[in-house]
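Note sheet for the following structure.
Nothing in this text is a laboratory measurement; each read-out follows from the coordinates by a stated rule. Everything numeric in this text was worked out from a predicted model, so none of it was measured. So basically every Cβ, Gly included, is an ideal-geometry build from the backbone, and we count neighbours across all protein chains shown.
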Amino acid sequence: MIRLDQVTRQHGSQILYVDASMSIFRGEKVGIVGPNGAGKSTLFRLMVREEEPDAGTVVVDRGVTIGYFSQRVGEMSGRTVVEETMAGAGEVADVAHRLHQLEAAMGDPEQADQMSEIIEEFGEVQARFDALDGYALEARAREILGGLGFAPETLDHDVGQLSGGWKMRVALAQILLLRPDVLLLDEPTNHLDIESIVWLEGFLQAFDGGLAMTCHDRAFMNRVVNKIVEIDGGELTSYTGDYEFYMAQRAIAEAQHEAQFARQQAMLAKEEAFIARFKARASHAAQVQSRVKKLEKIERVEAPRRRRVIEFDFPKPPRSGDDVARLAGVSKGYGARRIYENFDLLIRRRERWCVLGVNGAGKSTLLKLVGAQSSPDRGEVVIGASVKLGYFAQHAMESLNPERTVLEELEFRYPKAGIGQLRTLLGAFGFGGSDADKRCKVLSGGEQARLALAAMLFDPPNFLVLDEPTNHLDLDTKAVLTRVLADYEGTMLFVSHDRHFLSAISNRVLEIGPDGPRVYGGGYTEYVSQTGRIAPGIG
């Protein structure tokens, strides 16, 4: 359906691909992986002709339609959420919009003298909407939006009132509603919770067209893709299988390449030593010449390329008391809506609580209560002795000084730290080389989150309260964070939609459901085993 043949692409002085080839066939579900800046998103832009290759060709089969979801969301306002979702569907979307306008006009007393004309036009527009199968389209749009986490009562509200994250969900719904022949999805799970991610998995598993996507959610990749295309060192390498299979195969290939390189280097060293030893002896001249010619003809094995993943040894936090945080008789609500009622919870040292619950259940509210970002209506939240609390949420980025560079921000917070140590930390969180000299004001939301996390963990508190710490982290950076927190000797209370992260980190589960909070012994893996659910309400 889509083929890249011998494609070369360069951005400025950076060469992304050289003579690279790949293909997407019907029924294939391709995960595109590679380090930050390798050119994953550029591949999509080449496929939809937003960019052209410097050499080679990009071929899209005749008649193939492409739906492309990127992280760029255009202006959204003036339509309802449903209308905006349907807006990319052509005439039927325009007709639907007019139909809603006429429905509003029929209920407007100020237009009563025009009612006969309005009713006549309404009949014509409704007939056209029906002929275009508009009602089925609207039903599908509502189903998709529901799957992506929209409450039914929000679907007829102005889309312009939504936050950026929810507008991103609308943009994704638009693409899914199109039912194109090929879906190109650039980080589709970034703004989704577990329930929406699980729904999207099912949708994509049932999709019978071609699919290519980038994604930083390891569990999602494993459940959806059946092929991996790796971008590394200007080459595209394809692996048949899911992400775990790709990781295993890459490790085998790297080990084989290293062994082959080592064997050849040993052989070359032996031959070169013979030549150096006997080149001045006439009696060995023929043997020396023979070996020189042999070396000239040998095809050299390229030295193994090692993907540079920077590790950083984080210091141990100071020891806290055994009782880290206690909620006693806590009640909290917003207006008439009660979220917690007479709620008790004790968090002990070295426990790692993950908090699960559907959208709006009160997960972030709990973290705000414990992190002193909010106060209970009744009851008390008590932080234990010798507890140094670190709170991370999306607003943590607001503490960054926009005029400082990334490195200057850390130097300001830790003036006694060495520059080399700070640069190593930044490298582990994806700010290698000149990226450390970017000003905070030009950083993306994801980069700001990474910097805020790095700043917190350089001198780690002994109690971490983290609201979606894995959002916007790429797979390599997420692996660093997972390793750091797996070895962390403090206490944690956190929310995350990343199931691999939940499994690796948690040893306690607090599920917030319609019947109130419920505690599970063991971590997320044990929770899934005990309940048979991936998340509350999701089997």
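Going by a ≥ b ≥ c, the root eigenvalues of the Cα gyration tensor, does region 190-234 fall in the rounded group (a/c under 1.5), the prolate group (a/b larger than b/c) or the oblate group? Here region 190-234 falls in the oblate category.
Summary value for region 91-141: 45 percent relative contact order, contacts being C-alpha pairs under 8 angstrom separated by 6+ residues. Using C-alpha pairs below 8 Å separated by at least 6 residues, the relative contact order for the chain is 14 percent. For the chain, take the longest principal axis of its alpha carbons; what is the angle in degrees between that and the long axis of helix 91-106, to the nearest 10 within 0 to 90? Long axis of 91-106 versus the principal axis of the chain: about 30 degrees.
Listing VAL125, VAL48 from the residue with the fewest other Cβ atoms within 10 Å to the one with the most, what is the order? Display every interim value, and only then the final one.
On the way: VAL125 21, VAL48 16.
Ranked by crowding around the Cβ, least crowded first: VAL48, VAL125.
Considering only ASN342, GLN421, SER364, and ranking their Cα positions along the charge dipole of region 323-531 that arises from unit charges at the beta-carbon of Lys, Arg, Asp and Glu, the one farthest toward the positive end is ASN342. Any idea what log10 I(q)/I(0) is at q = 0.14, 0.23 Å⁻¹ for region 246-297, Debye with uniform C-alpha scatterers and no solvent? Treating every Cα as an identical point scatterer, log10 I(q)/I(0) equals -0.49, -0.81. Projecting the Cα positions of ALA262, MET247, GLN287 onto the charge dipole of region 246-297 (unit charges on Cβ atoms of Lys, Arg, Asp and Glu, taken about the Cα centre) puts GLN287 furthest along the positive direction. For region 97-231, the residue among ALA127, LEU183, ALA173 whose Cα projects farthest onto the positive side of the dipole built from Cβ charges is LEU183.
Computed from Cα positions, the angle between helix 285-297 and the longest principal axis of the chain comes to roughly 10 degrees.
Past 20 Å, Cα to Cα: identify those pairs from LYS368/LYS388; LYS316/LYS363; LYS270/LYS293, in the order given. Before the final figure, lay out each step's value.
Values: LYS368/LYS388 16 Å; LYS316/LYS363 28 Å; LYS270/LYS293 15 Å.
As for pairs spanning more than 20 Å Cα to Cα, those are LYS316/LYS363.
The percentage of C-alpha pairs in region 79-161 whose separation is greater than 15 Å is 59%. Restricting the calculation to Cα atoms, the chain shows an Rg/Rh of 1.06 when the hydrodynamic-style radius is the Kirkwood one. For TYR334, TYR246, TYR17, the sequence from fewest to most other C-beta atoms within 10 Å is TYR334, TYR246, TYR17. Rounded to the nearest 20, the size of the Cβ-charge dipole of region 323-531 about its Cα centre is 260 debye, with Lys and Arg at +1 and Asp and Glu at -1. Could you tell me whether region 364-420 comes out rounded, prolate or oblate from its Cα gyration tensor? Rule is a ≥ b ≥ c as square roots of the eigenvalues, rounded for a/c under 1.5, then prolate if a/b exceeds b/c, otherwise oblate. Oblate, because a/c is 1.5 or more while a/b does not exceed b/c. To the nearest Å, what is the center-to-center distance of region 1-74 and region 311-358, using C-alpha atoms only? Between the Cα centre of region 1-74 and that of region 311-358, the gap is 45 Å.
Model label points for SER290 and THR8, set 7 angstrom from Cα along the Cα-to-Cβ axis, are 4.2 nm apart.
In the chain, helices alone account for a calculated mean residue ellipticity at 222 nm of -12500 deg cm²/dmol, with every DSSP H run of four or more residues adding -39,500 (n - 2.57).
Taking the Cα centre of the chain as origin and assigning +1 to Lys and Arg Cβ atoms and -1 to Asp and Glu Cβ atoms, the resulting dipole is close to 3600 debye.
By the Stokes-Einstein formula, at 1.567 mPa s and 4 °C, region 323-531 with its Kirkwood radius over alpha-carbon pairs has D equal to 72 µm²/s. Sites listed here are trypsin sites (Lys or Arg not before Pro) in region 251-290 whose DSSP assignment is loop and whose Cβ has at most 10 other Cβ atoms within 10 Å: ARG281.
The dipole here belongs to region 279-435: it is taken about the Cα centre, uses +1 on the Cβ of Lys and Arg and -1 on the Cβ of Asp and Glu, and is about 1200 debye. Seen against the Cα atoms of the chain and their longest principal axis, helix 475-486 is set at about 80 degrees.
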